[in-house]
Amino acid sequence: MNDTEISKEELIAELELLKAYKKNMSFVLDNIKEMFYKLNFDEKGNKTFEFISPQIIDVLGLTVEEYIKNQSTLSEYFHSDDLEKIIKEVAIAKKSNKIKTIQYRFFNKKLNKYVWIEETFTPSYSAENKLVSILGSAKNISEKKENQNQKDFILENIEEVIYNVKFDTVNKSKELVFVSPQIINLTGLTPEEFVKEGLSGILIKRIHPEDVEEIKKNIRKLYDDKKNRIHSQF
């Protein structure tokens, strides 16, 4: 036996490792909440599904067979308010050769209601720049969407301004990453104007001169004393 040959025992061990790997991969695929698919296109543009994962029944409420069979009438499952946008975005994505993520409402027969779906797909092209396949995934984001809607409702209906500033303690710099729309009622500035004036240094000139030093003092406490909360009136 030379160095390149493998013994029977080693072959069995390799096969056992491969079997364990496949078992683990099957477990992952069976328990993941997303559905995956691969769609192939021939030279004439006709499409066939190479693969659709069984999670489709939980995500879209359709079996693999129903999804393939109902391709010509699938548009009936999409919410009418989303359909035009979906068609437009998919057409753009097919031409761009880039990963695309879209969100839409789909009627889930299993749940008997519309659910929010987030679908991500990547088109692949041949050397002749012809679409040959689309690899995609989709998941139900209804809970996430509902939480976001509740958050938006709260932000739109409270009187206080909510904002988020990120501080760089090393360079002692700051970045305003979010400010709620109520800022216009409080300052007369839109969120965009507020951010722009803050970056340019104009914003501080709107504060009464007698209050500026107190505000700066409180901000320094965030850096130096690592305070979790400060309260200012100006």
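The values are calculated or read from the model by the stated rules, or taken from the named source; none is laboratory data. Everything quoted here is computed from the prediction, not taken from an experiment. Here the Cβ is made from the backbone with ideal geometry for all residues, glycine too, and neighbour counts use every protein chain on show.
Does SER96 satisfy being at pLDDT 90 or above and assigned by TED's automatic domain parsing to the domain that holds PHE51? No. Among the residues of segment 125-161, those identified as at pLDDT 85 or above, among the aliphatic types (A, V, I, L, M) and not in a strand (DSSP E or B) are ALA127, ILE141.
Determine whether VAL179 is in the same structural domain as PHE78 (by TED's automatic domain parsing), over 17 Å from the mean Cα position of the chain (by Cα) and farther than 25 Å from PHE78 by Cβ. Write out each step before concluding.
Numbers: in the same structural domain as PHE78 (by TED's automatic domain parsing): no; over 17 Å from the mean Cα position of the chain (by Cα): yes; farther than 25 Å from PHE78 by Cβ: yes.
Spelling it out, it is not the case that VAL179 is in the same structural domain as PHE78 (by TED's automatic domain parsing), over 17 Å from the mean Cα position of the chain (by Cα) and farther than 25 Å from PHE78 by Cβ.
The single condition from (1) over 26 Å from the mean Cα position of the chain (by Cα); (2) at pLDDT 85 or above; (3) part of a helix (DSSP H, G or I) that ASN218 fails is (2).
In the set LEU74, LEU83, which member is closer than 22 Å to LYS113 by Cα, in contact with a helix residue (DSSP H, G or I) (Cβ under 7 Å, 6 or more places away or on another chain) and of a type outside the set (D, E, K, R)?
Numbers: LEU74 fails: in contact with a helix residue (DSSP H, G or I) (Cβ under 7 Å, 6 or more places away or on another chain).
Exactly one residue qualifies, and that residue is LEU83.
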